[in-house]
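Visitor: First the structure, then my questions, so here it is.
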Amino acid sequence: GDSVTQMEGPVTLSEEAFLTINCTYTATGYPSLFWYVQYPGEGLQLLLKATKADDKGSNKGFEATYRKETTSFHLEKGSVQVSDSAVYFCALSTSGGSYIPTFGRGTSLIVHP
Amino acid sequence: DTAVSQTPKYLVTQMGNDKSIKCEQNLGHDTMYWYKQDSKKFLKIMFSYNNKELIINETVPNRFSPKSPDKAHLNLHINSLELGDSAVYFCASSQDSQRGGTGELFFGEGSRLTVL
């Protein structure tokens, strides 16, 4: 079956540091890839997505590139802020009409001033 | 307008009670989901409905029963609550690929269930 593996947290950084959260996947089909963010006390919301190989998703300074050859979708940000502190989920969806989503375990990011 | 709304947001109850959580989406999506998130933030899919039909039913105790009266609503009823049911329950929806969906899920804000 499909699976998503992302690095365990928590990841603790100082403000303005560079962020990488690794994500790799296995899928039987050709999935779309996503990063979701969950701020404290809230539901998950889409951060960025990529639907085909070599696509780069970007939003709020975060980027991730769909790498089919390495089955990866690593999340990066050049300069994190305290407000980026949240839990980040890597996910994939495959479709046979309805989407069947698979989530990673989530990575907690803590950014200190 | 809230796209995916769940009620109640907080629920505190005693072991053995029965409770329900309601979910509504106003996005016109065809598929709805229920997820359970534990204290370590792990998300586990419980159920998924497409146009009122059950399409995903993971290994969940049969004390949990989803009901979809129409494609905009997916409610979760839990019988004989146990301590281990304490968690945050999220409702989500997505649009089918045939209707332009890309696999993105839209989540509600969650319902925190505490069983004492």
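The values are calculated or read from the model by the stated rules, or taken from the named source; none is laboratory data. All values derive from a computational prediction rather than experimental measurement. Counting neighbours? That spans all protein chains shown, and the Cβs are built from the backbone with ideal geometry, glycine included.
Visitor: If residue A:93 meets every condition in (1) within 14 Å of another protein chain (Cβ to nearest Cβ); (2) within 11 Å of the chain's Cα centre (by Cα) apart from one, which number is that one?
Guide: Going through (1) within 14 Å of another protein chain (Cβ to nearest Cβ); (2) within 11 Å of the chain's Cα centre (by Cα) one by one, residue A:93 breaks only (2).
Visitor: Out of the residues in segment B:23-60 that are charged (D, E, K, R) and assigned to a loop (DSSP other than H, G, I, E, B), state the one that is surrounded by the fewest Cβ atoms within 10 Å (Cβ to Cβ). First the steps, then the outcome.
Guide: Keep residues of segment B:23-60 that are charged (D, E, K, R), which gives B:24, B:30, B:36, B:38, B:40-41, B:44, B:52-53, B:58.
Remaining after also requiring assigned to a loop (DSSP other than H, G, I, E, B): B:30, B:38, B:40-41, B:52, B:58.
Working: B:30: 21, B:38: 12, B:40: 8, B:41: 15, B:52: 15, B:58: 11.
Among those that are charged (D, E, K, R) and assigned to a loop (DSSP other than H, G, I, E, B), it is B:40.
Visitor: From A:47, A:109, which residue is farther than 18 Å from residue B:104 by Cβ, surrounded by 20 or more Cβ atoms within 10 Å (Cβ to Cβ) and at pLDDT 95 or above?
Guide: Numbers: A:47 fails: farther than 18 Å from residue B:104 by Cβ.
That would be A:109, the only listed residue that is farther than 18 Å from residue B:104 by Cβ, surrounded by 20 or more Cβ atoms within 10 Å (Cβ to Cβ) and at pLDDT 95 or above.
Visitor: Quick one: in segment B:65-116, of everything that is within 13 Å of chain A (Cβ to nearest Cβ) and in a helix (DSSP H, G or I), which residue is surrounded by the most Cβ atoms within 10 Å (Cβ to Cβ)?
Guide: Here the residue is B:97.
Visitor: For segment A:12-63, what are the residues that are of a type in the set (Asp, Glu) and part of a strand (DSSP E or B)? Steps first, answer last, please.
Guide: Pass one, segment A:12-63, residues of a type in the set (Asp, Glu): A:15-16, A:42, A:54-55, A:63.
Once the filter is applied, which keeps residues that are of a type in the set (Asp, Glu) and part of a strand (DSSP E or B), segment A:12-63 yields only A:63.
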